[in-house]
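A.B. asks: So that we are looking at the same thing, I have put the structure below in structure tokens.
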Amino acid sequence: MGLFQSRTPRALGLAVGAVILLLLMLASVLFGLQRFTIGTLLDSYMGFTGSTEHMIIRDARVPRTLVGAVVGASLAVAGAVMQAITRNPMASPSVFGINSGAVLFIVIGISALGGALTMDGMIWIAFAGAGITSLVVFVLGYRGPGGFAPIKLTLAGAAIAAFAASVTSGIILVDKKSLDQAMFWMIGSVVDRDMGHLQTVLPYVTAGWVIAMLISRSLNVAALGDDISKGLGMSLFFVRAAACVSVVLLAGGSVAVAGPVAFVGIIVPHLCRALVGQDHRWLIPYCAVAGALLLVSADLASRFVIMPKEVPVGVATALLGVPFLIYIVRRKKYA
């Protein structure tokens, strides 16, 4: 059971979270190595766009903040869906092999095309890698005696992730230029993203959010186990297929635009369950808001760690995620 037991406290908590998110997004636009005022922000969108300050806000800070919020929300929702389907508290897009598959395709693209590969092209290649890898993992999770099993899906994802990581390392060893171009993206970052990059993946992640909400009631049943789900007449294949499509769209789009940002899909669902319990009709919206909060906060904090340089947001989330991961593993409940 969560901290918020009834509808009104849950709705109020979600509204408060949304307000805090908006304030953090405003802080993300205004603060950093260069600080701006709200007046400068308003001027940037009211025709006064000639100065360097206006260009930084409009072309760098605002897109960066929006990408961070969208990616954080998407990864958190993807993690919640995966944990419900696999009944594995450690499940996340990285377990599904999505991150490793996207990285492999990016490194192949950089090695083959070199400087001809644009950011837009990189996004589409990463999206293709994430989708193909997820499809392979999903098929492997269904093959063999007994059909689908959560452990089979998890093991298939781990095996594909290890295979993709090995091939990626081999390509980088042969073509070291790939390492220089791919390393910053491989760590995970929202720097140097513009509105065009966000617009490329936004339709896909939006579809992923919608699918996750549509199957939220079914996820409540699926999390109880196969026997109970079948006894209630629910089509497990349909729910799992829809969940996998949602995860591919959410995590694939996120990895494509920001790289493999780790641990958001593990941390946020556990924190949100402590607030609203296991009801995915509330858990998914809470994860969306909390995931955006986490990544925007991490990106904002990363600007002040080693100023004037910045820490990639993927490093910041890893520093938060590793202690949390150890805590989950040590809990008796998941022993």
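The values are calculated or read from the model by the stated rules, or taken from the named source; none is laboratory data. Everything numeric here is computed off the predicted structure, so don't read it as measured data. Neighbour counts run over all protein chains shown; Cβ positions are idealised from the backbone, glycine included. To get the accessible areas, we keep the full protein, side chains included, count just its heavy atoms, and leave off ligands, DNA and RNA. Shrake-Rupley method; radii C 1.70, N 1.55, O 1.52, S 1.80 Å.
A.B. asks: Which residue is most open to solvent (accessible area, probe 1.4 Å), if the candidates are limited to segment 91-101 and must be touching a Ser or Thr at 6+ places or on another chain (Cβ under 8 Å) and in a loop (DSSP other than H, G, I, E, B)?
C.D. replies: Selected residue: SER94.
A.B. asks: Right, something else. Can you confirm whether VAL261 is closer than 27 Å to PRO312 by Cβ, hydrophobic (A, V, I, L, M, F, W, C) and modelled with pLDDT under 85?
C.D. replies: Spelling it out, it is not the case that VAL261 is closer than 27 Å to PRO312 by Cβ, hydrophobic (A, V, I, L, M, F, W, C) and modelled with pLDDT under 85.
A.B. asks: Determine whether segment 72-79 contains at least one residue that is of a type outside the set (Gly, Ala, Ser), surrounded by 13 or more Cβ atoms within 10 Å (Cβ to Cβ) and in contact (Cβ under 8 Å) with a residue 12 or more places away in the chain.
C.D. replies: Yes: one or more hits.
A.B. asks: If I filter segment 21-28 for residues that are in contact (Cβ under 8 Å) with a residue 24 or more places away in the chain, over 30 Å from SER216 (Cβ atoms), assigned to a helix (DSSP H, G or I) and open to solvent by 10 Å² or more (accessible area, probe 1.4 Å), do I get at least one hit?
C.D. replies: Looking for residues that are in contact (Cβ under 8 Å) with a residue 24 or more places away in the chain, over 30 Å from SER216 (Cβ atoms), assigned to a helix (DSSP H, G or I) and open to solvent by 10 Å² or more (accessible area, probe 1.4 Å), one finds at least one in segment 21-28, hence yes.
A.B. asks: Quick check on segment 87-108. Is at least one of its residues charged (D, E, K, R), at positive phi and either out of contact with any Leu (no Cβ under 7 Å at 6 or more places or on another chain) or at pLDDT 80 or above (or both)?
C.D. replies: Yes, segment 87-108 has at least one match.
A.B. asks: Let me ask something else about it. Inside segment 109-140, can you point out the residues that are modelled with pLDDT under 80, open to solvent by 30 Å² or more (accessible area, probe 1.4 Å) and within 13 Å of ALA258 (Cα to Cα)?
C.D. replies: Of everything in segment 109-140, those that are modelled with pLDDT under 80, open to solvent by 30 Å² or more (accessible area, probe 1.4 Å) and within 13 Å of ALA258 (Cα to Cα) turn out to be MET119, ASP120.
A.B. asks: Please list, ordered by first then second residue, the pairs with beta carbon atoms under 6 Å, 6 or more apart or interchain, first in segment 189-216 and under 17 Å from ILE57 (Cβ atoms), second open to solvent by 40 Å² or more (accessible area, probe 1.4 Å).
C.D. replies: LEU198/LEU66
A.B. asks: Can you tell me which residue among SER229, SER218 is at pLDDT below 90, over 14 Å from the mean Cα position of the chain (by Cα) and hydroxyl-bearing (Ser, Thr, Tyr)?
C.D. replies: SER229
The rows are residues; the columns are (1) among the small types (Gly, Ala, Ser); (2) part of a helix (DSSP H, G or I); (3) under 26 Å from ALA288 (Cβ atoms).
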{"residue": "LEU75", "(1), (2), (3)": "no, yes, yes"}
{"residue": "ALA130", "(1), (2), (3)": "yes, yes, yes"}
{"residue": "VAL139", "(1), (2), (3)": "no, yes, no"}
{"residue": "GLY157", "(1), (2), (3)": "yes, yes, yes"}
{"residue": "ILE160", "(1), (2), (3)": "no, yes, no"}
{"residue": "SER169", "(1), (2), (3)": "yes, yes, no"}
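A.B. asks: Being out of contact with any Ser or Thr (no Cβ under 6 Å at 6 or more places or on another chain) and β-branched (Val, Ile, Thr) is the filter; apply it to segment 112-136 and report the residue that is farthest from LEU153 (Cα to Cα).
C.D. replies: THR118
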